[in-house]
Structure formats: structure tokens, C-alpha cells
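Written below as C-alpha cells is the structure these notes are about.
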Amino acid sequence: MLQEGMQAPAFTLADKDGKMVSLSDLLGKKVVLYFYPKDNTPGCTRQACAFASAYSEFEKKNAAVIGISKDSISSHEKFAEKYNLPFILLSDPELQAIQAYGVWQEKKLYGKTSMGVVRTTFIIDEQGKIMKVMPKVKPDTNAAEVLEILK
């Protein structure tokens with residue numbers, strides 16, 4: 001598992017418009033990188049809307065917000081449009097960043113075990129180092145907790 005103080009793994013993924021975004025493009029800004037299981041599910045929608053509601057606060061703190069899931073570009077486009085999400089959503093169907101950040105893990109649901117994305121947030125500093133790892137975050141409080149850390 002990645003730890004605080006480590007260099008954040010580099011990635012380049014497509015956003016909801018098909019434009020390629022690299023972590024290195026954001027050097028000089030803090031990056032709030034949150035991994036979530038699936039567009040348009042109740043928890044993921046609440047989490048995304050909480051980040052959207054607080055987006056101006058993140059901008060004031062010179063922090064970019066990026067959500068990553070394995071959903072397709074078109075799924076992200078519809079999700080962002082439906083909920084008016086102002087931040088970057090990246091599509092990772094090949095699990096490039098998801099595996100690099102160690103969030104593809106065994107999950108148990110109703111007694112069934114499967115592999116999936118464990119909701120995790122990373123705060124990365126202006127030099128690309130991990131400032132904070134927040135495993136198994138709660139969708140409703142994640143954005144507020146991140147803002148508290150960025151104070």
C-alpha cells in the first residue's frame with residue numbers, strides 16, 4: 001500500500017471528453033485524487049456531489065479534484081452532465097492507476113467476495129508526493145474531511 005511521503009504513481013488517463021490527463025500536468029497544485037467504484041450509484045453520486053458543492057473551496061486552496069473509476073468515458077460524461085460535476089473524472093478501464101494506487105481489492109458484499117475498487121482518497125502535494133492516504137472513506141463526509149486537512 002502507498003504511504004504518506006512516497007512519490008505518487010504517475011498516470012495518464014482519458015477524461016470525460018476523451019482528453020488525456022497526466023498527474024504530472026498538475027505539478028505545482030495539490031491534487032485530491034479519489035477512487036470510487038461506479039458512476040451513478042448512490043454512494044458514488046453523494047461523494048461526487050459533495051466534492052462538487054465544495055469545489056470553489058478546493059479552488060481557493062489551489063487543489064485540483066480528480067475522481068477515478070473504471071467506468072467508460074461516455075459513462076463519465078453522462079455522470080458529470082447529470083450532476084453538474086465541475087472537476088476532472090478519469091476513466092481507468094485497464095485499471096492502470098487503480099492498481100498502481102492499490103485500491104483494486106477483494107470486497108465482500110452480502111457474503112459474496114469479488115474484486116473491486118475500494119473507495120480511497122489520496123491528497124498529493126505540489127511536488128507529487130503523497131501527503132495523506134484516506135482508506136475506506138465515507139461518501140458523505142469525504143469532501144469535508146479533505147478540506148479540513150487542506151486548511
Review point. So what is the accessible area of the chain per residue, in Å², with the probe set to 1.4 Å?
Key: 51
Study note, to complete from the structure: The answer for the net charge of residues other than TYR101 whose Cβ lies under 15 angstrom from its Cβ, with Lys and Arg +1 and Asp and Glu -1, is +2
Review point. Among LEU95, THR121, PRO139, whose Cα lies farthest out toward the positive end of the dipole of region 1-147, if unit charges sit on the beta carbon of Lys, Arg (+1) and Asp, Glu (-1)?
Key: PRO139
Practice item. For LYS132, list the aspartates and glutamates whose Cα falls under 17 Å from its own Cα; do not include residues on the same chain fewer than 8 positions away. Key: GLU4, GLU145, GLU148
Review point. Given only helices, namely DSSP H runs of n ≥ 4 each adding -39500 (n - 2.57), what is the per-residue ellipticity at 222 nm of the chain, to the nearest 500 deg cm²/dmol?
Key: -8000 deg cm²/dmol
**Study point:** Where GluC sites (Glu not before Pro) fall in DSSP loop in region 49-151, at most 16 other Cβ within 10 Å
**Key:** GLU94, GLU126
Review point. Which chymotrypsin sites (Phe, Trp or Tyr not before Pro) from region 103-151 combine a DSSP loop assignment with at most 10 other Cβ atoms within 10 Å?
Key: TYR110
Review point. Which shape class applies to region 1-46: rounded if a/c is under 1.5, otherwise prolate when a/b exceeds b/c and oblate if not, where a ≥ b ≥ c are the square roots of the Cα gyration tensor eigenvalues?
Key: oblate
Revision key, fill the gap. Computed over the Cα atoms of region 72-137, the Rg and Dmax in Å are 14.2, 42
Practice item. Give me the percent of the accessible area of region 1-72 that comes from carbon and sulfur atoms, probe 1.4 Å, all protein chains in place. Key: 51
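The values are calculated or read from the model by the stated rules, or taken from the named source; none is laboratory data. Computed from a predicted model, the values in this text were never measured in an experiment. For neighbour counting, all protein chains shown are included, and Cβ atoms are generated from backbone atoms with ideal geometry for every residue, glycine included. Heavy atoms of the whole protein, side chains included, go into the accessibility calculation; ligands, DNA and RNA do not. Shrake-Rupley method; radii C 1.70, N 1.55, O 1.52, S 1.80 Å.
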